Amino acid sequence: MYMAIHVGDVLGPPDKSSVTAPPHLPSDTLGSSARWRTTNFSGGLYMKNVVALLTLLFALSVPAFLLARGAGAQRGGQQRSGARDVGGGHVPAHGPAPARSAPPRASENRAPEGRPQDNSRSFRDKPSHPEAPHVHHNDQWVGHDSGRDDPHYHIDHPWEHGRFNGGFGRGHVFRLGGGDRERFWFGGFYFSVAPYDYDYTADWLWDGDPIVIYEDPDHDGWYLAYNSRLGTYVHVQYLGPR
């Protein structure tokens, strides 16, 4: 009824014939593994050297780049400061002083049509300044020195359309509302540019430039319209509120 089980049959050592030996790896496989480990180690060392070299080059180049950038910014700042001491929104605190004496004038030439044509006069006192009458940021008016007897600004009936009363100088900046050099307006006031000054308005924007009016101390019947964007000015005649 009962089956006898020998303990040794269960807990005894296994039969040697049943034990499977580990697979034998060929010698070339072992060599390849060793070579892979060697190659991997060498490649990692090489990459570390490359990274270190690139890091060193970057560390050396950054200061040089910053120095060059700083020098360029300094040069650019100097150039911009030279160009921006005229215009750029600056509004002079006062108009020009009366001319003490008229500068010597060049002799007039005759144009082909028979009209007098003045020899050109340069207003560019610095390379970056405009070739037109202008005002420095220290409120020096350049070009308003022809004196009271300048025939280009003679009017037989000064202020025949009345006098401008819209406000002068700093604190009274107007925006051009349209027109051209022969007739322009802002705020309900109308003006015209002196024909002798036409060329000085070539780069004015008649539909939006900021304009400030100053009284002319030398030429009766004229005002000075100053363009604060450009820093230039011209003689203008008031045409009245129409």
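Bear in mind these aren't lab numbers, they're just calculated from the coordinates by the rules spelled out. Predicted, not measured: the structure shown is a model, and the values here were computed from it. Heads up, the Cβs are rebuilt from the backbone with ideal geometry, glycines too, and the neighbour counts pull from every protein chain shown.
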- Amide H contacts under 5 Å for Asp150, placed H, 5+ residues apart: none
- Rounded, prolate or oblate: which fits segment 170-242, taking a ≥ b ≥ c as square roots of the Cα gyration tensor eigenvalues, rounded meaning a/c under 1.5, else prolate when a/b beats b/c? rounded
- Ranked from highest to lowest mean number of other Cβ atoms within 10 Å per residue, what is the order of the peptides 231-241, 193-203? 231-241, 193-203
- Query: Fewest first, what order do Arg175, Arg170 take by the number of other Cβ atoms within 10 Å?
  - Reply: Arg175, Arg170
- Residue separation between His172 and Asp139 times 0.36 nm, minus their alpha-carbon distance, gives in nm 10.2 nm
- Query: All other residues with a Cβ under 11 Å from the Cβ of Arg181 taken together, and with Lys, Arg as +1 and Asp, Glu as -1, what is their net charge?
  - Reply: -3
- Note on the structure: Stretched fully, the stretch from Arg183 through His157 gains (0.36 nm per residue minus C-alpha distance, one decimal, in nm) 7.5 nm
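Could you calculate the contour length gain from Arg229 to Arg121, that is, 0.36 nm times the residue separation minus the distance between their Cα atoms, to one decimal place in nm?
Once the chain is fully extended between Arg229 and Arg121, it gains 36.6 nm.
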